[in-house]
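What follows is calculated from the coordinates using simple rules that are stated; it is not laboratory data. Remember, it's a predicted structure, so these values are computed and weren't measured experimentally. So basically every Cβ, Gly included, is an ideal-geometry build from the backbone, and we count neighbours across all protein chains shown.
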Amino acid sequence: MKKLTWLYILVMVFVLVSCGQSQEVKQEPYKEMVYGQDYNGQTISVKVDDQIKVNLRGNQTTPYHWKGPQADKKIFDVVLDEYVPDEAPEGMVGTPGTFKYELKFTSEGITKLVWKEAHVGDENDVSQTFEMTVTVSK
């Protein structure tokens, strides 16, 4: 009987000591979120302060350029908006590239992001559209 009492006391001491120790919180590694034309029409979920990259293939030497993002609710800031041509042999012109955008989400909500590849002289002349719905939570 004394052995059971001591065993009970030892177990209780171990439980109390274990409860007082702090647990290490493992933080998920940063995951870069990059989206392209294969995400057209998709919905994604992000958190406030997350950043995403949207890369759209195009060719700035043609009269059609990507314009955007247009959104039905402003819950983000555009951090980057640039065109990066593909590497090409020296002197070669007319090579395609990537229109690169980075967005940082600043508040909660749902928004539809829309980019249009439109003629530089007539924004109503659209060759293609890229749309993505984003749900932002805390």
Problem set entry | Members of segment 99-115 that are surrounded by fewer than 18 Cβ atoms within 10 Å (Cβ to Cβ) and either among the β-branched types (Val, Ile, Thr) or out of contact with any Leu (no Cβ under 9 Å at 6 or more places or on another chain) (or both) | Lys104, Thr106, Ser107, Glu108, Gly109, Ile110, Lys112, Val114
Seminar exercise, completed: Of the residues in segment 29-58, those that are surrounded by fewer than 14 Cβ atoms within 10 Å (Cβ to Cβ), within 17 Å of Glu131 (Cβ to Cβ) and of a type in the set (D, E, K, R) come to Asp38, Arg57
For this session: Looking at (1) more than 16 Å from the chain's Cα centre (by Cα); (2) at positive phi, find the lone condition where Gln128 falls short.
Result: (2)
Exercise. Within the bounds of segment 73-83, is there any residue that is touching a residue at least 40 places away in the same chain (Cβ under 8 Å) and hydroxyl-bearing (Ser, Thr, Tyr)?
Worked result: no
